[in-house]
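Colleague: If you scroll down you'll find the structure; I have some questions about it.
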């Protein structure tokens, strides 16, 4: 994939998941989300991580109060150039940007005469002065500076001279990058290619970036067209998050840049082959964090991206995968699936057992039973791909045995809401669990913030001789998905746990009843910990 | 949009939702589905409807036993050219195709020497003879004939002469269309444009089609690149259905061809402006039929395609929609939305009030209080942008008043799990709700699949004089998000409801206790319905 010895041009990746991606309808990042995603992007080999818009909302201001520890990526703050009629030193927005703990500042300014007139209600000259003053001030403050030229392509089509003046002004004032934005997302790839081809005559291509939106489903093509015409920075988001139809999808762009010789022969990006191999996991981690169902059909990283269903294709793929695959699934951390034969399901399961270090023999009829059992359970909603610990327990139980360390004979959870003596609404959750541990009957009760918390606390309050093994167990995350819609539908619960060694694992439960589904996942988590700790049966 | 008087070239649309789309992982059409979708496509103005692969499976054979009544569209059967070493008259696959009640036959044959050798294990000469014989036979039987050149682009890159020979052989044997397929979906738009540019020197462009897959997220761009290079038929599917990452998405292509002057000035398609206005409905109908959640971020037809969330963008959109919209949402049957969120200010709230028809005066200090209240509640997890009905209730309560139709004095939900007499695990959920309706105290109890379902049924079992207003109320969707991770974190519940008129609304609840959060959202839904119905206070 990499061609050592030849000279390739460097392409820079700029991620705006935490800024433009935060505009996605239904996405609300917490501070912890933002911190975790910044690390995820840094680990992936992204060059610039745009964290948000300090000064615009309390969350982003807090996020920029302390610079996150990133290895490779430059942490970038976004904000507007100074307002019309104000000086830079008298503009609170610019002040917030300069105060932000960031390596780079990405200003945004309009590059369309129409927008300047209608949306800003100011003059072209004042707009250019605002760009010049803001870039100069940020550069003087020691920051790497870029300018997002908002509405660049629409602006260029209407008044090329003014759009170019905006770009050139930023470049001449010292901006490292001038980013051409297709803000409304309506520009066609051939137009992008032609216009960027003109712009490079005014601003050098290795100072030009592209920021595309997906409103005609061509954000990826538009980004690549700009690169072909000379731009050397691509802005995008993980999973194509973003307002309306989203931004250019870095999870599609990165593999294309790395794996397609049309690009990899000419360009190099900071993402290594090994980092590319973690791309599917990065994509899935973001979805999990946002509790969004992953797009099964996403290019490269989707669950179905390398799935073959047709008979004729399937047999060809088994003869030689290259017949129906444009790249190797493993290169992005994905894997091939053929949905025709039992043979295919079986090889998937064998690979998972090998990854989990679970002993088996290929000729064992129990292996066939495990494959069947997995199929049946996945058909009713279990998601073993996401729940490694539940998969491992099921596999160990089917192929060998797992001790019945203890048995829950009964549980009872109650949630009551009423008004107390001073008229406040009070909600109380109480759980009682009856457990049989080696013939000894233990009853525990606990209150909690909610029914699942109460149940969790009660279950783990007293497990007799096993208590010592689970003391370090903590629940890290709890996710719920309704599989068919409506409160009568089936509920899938995923629970992520962690122990004192820092190991994390995920378990799954499925039931029409959310409490039952949660309890299954809790039980699997405790059993997994006991197996892992080598607790005596 | 249409330019009468100028001469535009005709572009043909070929839909393969019922054939290639049926290969989508998780899609299983019934006969009734296929009949309904064929009519839907015909009503949309599609030129060719590919119904399936008669002879390959009983469903498709049955579908082609009687020709569906279509107005404009030509009903097309798909199948393989005769097998190597057989005559056309002795090939059951070709016989099934000729028997099918179809206007047109679309054959598929490999156009790659590598594929012919590895997958078919035959010779290039035999492959060309198979194309020639099959096209000739179908034409002699009075059908319009096309050939899908499978793997055309990969084949061209490896052995251009052979790929071109396949295309030319079909054309010379009388095929109306020779369709160039990017079967593995890995070709880049600029490669497509260059290769189609070569092919038109051998087969006239008005006999060439393009069949693109989305494996690099560029199926739409690839289709348009082929048109720019001379191809005059586009194959695709509704909502981009299809194996792996899907086929070229007609729901994105059709609006671009109709609304972007780069294409509409040069080309004309059979889809009228009025048919285009029904596109969003067509897209949604297919999703409903397949019970798939619509892609909110789909270009043109997605629920979020014309949604604005940012403060600065929102105020500009309110000044002039053209500032942030690349086409008019109504042209595809969609509409503009400006969301209420913590990033948006007062002007956004005002726009939301106007859309909701909620009376207010701009100088009212209560309006300021509402803006503050929204910010505070969003800070603790409420998501009013997603929950229009909860927003409306909060706004009406803050700006004016909403009757306290009834008051829930207490509820109690219990979930118990135990083993029954025959050793089966049994889970029972029971809820009791005490309600005060105008001084009358009503107590209802109900069982449910889970605690929220039990609570919902109990709450709506008896609301006294209001019962008549809520009889048509149904819960459509229930979504849960844990905001900080762990079972002790805050839970956000979104509930979508529908009434007998088909109107849908969404409500939100937030609490550390999932039952409390769910109950808030249930209560808001019932209150919204009572307000909407004009129930007396």
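Nothing in this text is a laboratory measurement; each read-out follows from the coordinates by a stated rule. Because the structure is a prediction, the values reported are computed rather than measured. Please note: Cβ atoms are built from the backbone with ideal geometry, for glycine as well, and neighbour counts cover all protein chains shown.
Colleague: Between the helical axis of A:160-172 and the dominant principal axis of chain A, each derived from Cα atoms, what acute angle in degrees is found, rounded to the nearest 10?
Modeller: 80
Colleague: Along Cα→Cβ, 7 Å out, is where each label goes; now give me the distance between the ones at residue A:66 and residue B:129 in nm to one decimal.
Modeller: 7.7
Colleague: With each label point set 7 Å from Cα along the Cα-Cβ vector, what nm distance links residue A:424 and residue B:328?
Modeller: About 5.6 nm, to one decimal.
Colleague: Shifting gears a bit: From the label point of residue A:277, set 7 Å from Cα along Cα→Cβ, how far away are the matching label points in the other copies, in nm, ordered shortest to longest?
Modeller: Label-point separations across copies, in nm and ascending: 5.7.
Colleague: Distances from residue B:532 to the same position in the other copies: list them in nm, one decimal, shortest first, using label points 7 Å from Cα along Cα→Cβ.
Modeller: 4.6
Colleague: Still on this model: Quantify how strongly other chains surround peptide A:197-207 by giving the mean number of their Cβ atoms within 10 Å of each of its Cβ atoms.
Modeller: Per residue, the number of nearby Cβ atoms from other chains is 0 on average.
Colleague: Cα axis of helix A:219-229 to longest principal axis of chain A: angle in degrees, 0 to 90, nearest 10?
Modeller: It is inclined by approximately 40 degrees.
Colleague: Give the percent of DSSP beta bridges with both residues in chain A that are antiparallel, rounded to the nearest 5.
Modeller: Counting DSSP beta bridges with both partners in chain A, the antiparallel share is about 50 percent.
Colleague: Taking Cα centroids, how far is the stretch B:430-500 from the stretch A:103-151 in Å?
Modeller: Each part reduced to its Cα centre gives a spacing of 51 Å.
Colleague: So for each of B:52-61, A:298-307 I average, over its residues, the number of other beta carbons within 10 Å; can you give me the resulting order with the highest mean first?
Modeller: Working: B:52-61: 20.0, A:298-307: 25.2.
Highest mean packing first, the order is A:298-307, B:52-61.
Colleague: Which percentage, to the nearest 5, of the DSSP beta bridges contained in the protein assembly as shown is antiparallel?
Modeller: Of those bridges, close to 50 percent are antiparallel.
Colleague: Decide, for chain B, between rounded, prolate and oblate: order the square roots of the alpha carbon gyration tensor eigenvalues as a ≥ b ≥ c, take rounded if a/c falls under 1.5, and otherwise choose prolate if a/b is larger than b/c, else oblate. Write down the numbers at each step before the final one.
Modeller: Values: a/c = 2.77, a/b = 1.91, b/c = 1.45.
Prolate shape, in that a/c is at least 1.5 and a/b is the bigger ratio.
Colleague: Let me ask something else. What order do you get for B:12-21, A:273-282 when each peptide is scored by the mean count of other beta carbon atoms within 10 Å, highest first?
Modeller: B:12-21, A:273-282
Colleague: Another one. What full-extension length gain, to one decimal in nm, is calculated for residue B:122 and residue B:474 as 0.36 nm per residue of separation minus the Cα-Cα distance?
Modeller: Using 0.36 nm per residue and subtracting the Cα-Cα distance, I get 120.7 nm.
Colleague: Follow-up question, since we're still on this one. Sticking with the crude label model, points 7 Å out along Cα→Cβ, report the distance from residue B:87 to residue B:462 in nm, one decimal please.
Modeller: 8.3
Colleague: Sticking with this one: So what's the protein assembly as shown giving for Rg/Rh, alpha carbon basis, Kirkwood Rh from the mean inverse pair distance?
Modeller: 0.97
Colleague: While we're on this one: Rounded, prolate or oblate for the stretch A:407-532? Axes are the square roots of the Cα gyration tensor eigenvalues, ordered a ≥ b ≥ c, and the cut-off for rounded is a/c under 1.5.
Modeller: oblate
Colleague: Sort largest first and round to whole Å: the equivalent ellipsoid semi-axes of the stretch B:167-261, each the square root of five times a Cα gyration tensor eigenvalue.
Modeller: They are 21, 14, 13 Å, listed largest first.
Colleague: Here is a follow-up. If you fit an axis through the alpha-carbon atoms of helix A:250-259 and take the longest principal axis of the Cα set of chain A, what angle between them do you get, 0 to 90°, nearest 10?
Modeller: Approximately 80 degrees, to the nearest 10.
Colleague: May I ask you to order B:230-242, B:105-117 by the average number of other C-beta atoms within 10 Å around their residues, highest value first?
Modeller: On the way: B:230-242: 26.4, B:105-117: 24.6.
The peptides rank, most packed first, as B:230-242, B:105-117.
Colleague: Could you give, in nm with one decimal, how far residue B:57 is from each other copy of that position, shortest first, with labels 7 Å out from Cα toward Cβ?
Modeller: Copy-to-copy label distances for residue B:57: 4.5 nm.
Colleague: Over all directions, average the projected area of the Cα convex hull of the stretch B:232-307 and note it in nm².
Modeller: The directionally averaged projection comes out at 5.7 nm².
Colleague: For an R0 of 56 angstrom, estimate the FRET efficiency from the Cβ-Cβ distance between residue B:139 and residue A:262 and round to the nearest 0.05.
Modeller: Rounded to the nearest 0.05, the efficiency is 0.90.
Colleague: Residue separation times 0.36 nm, minus the C-alpha to C-alpha distance between residue B:441 and residue B:39: what's the value?
Modeller: 139.3 nm
Colleague: Now a separate question. Once you average over the residues of A:112-121, how many Cβ atoms of partner chains fall within 10 Å of each Cβ?
Modeller: Working: counts 1, 0, 3, 5, 0, 0, 5, 9, 2, 1.
That works out to 3 on average.
Colleague: Just checking the output field for B:239-248: average partner chain Cβ neighbours within 10 Å of each residue's Cβ? Intermediate values should be presented prior to the final figure.
Modeller: On the way: counts 0, 2, 1, 2, 9, 14, 13, 5, 0, 1.
Per-residue shielding by partner chains comes out at 5.
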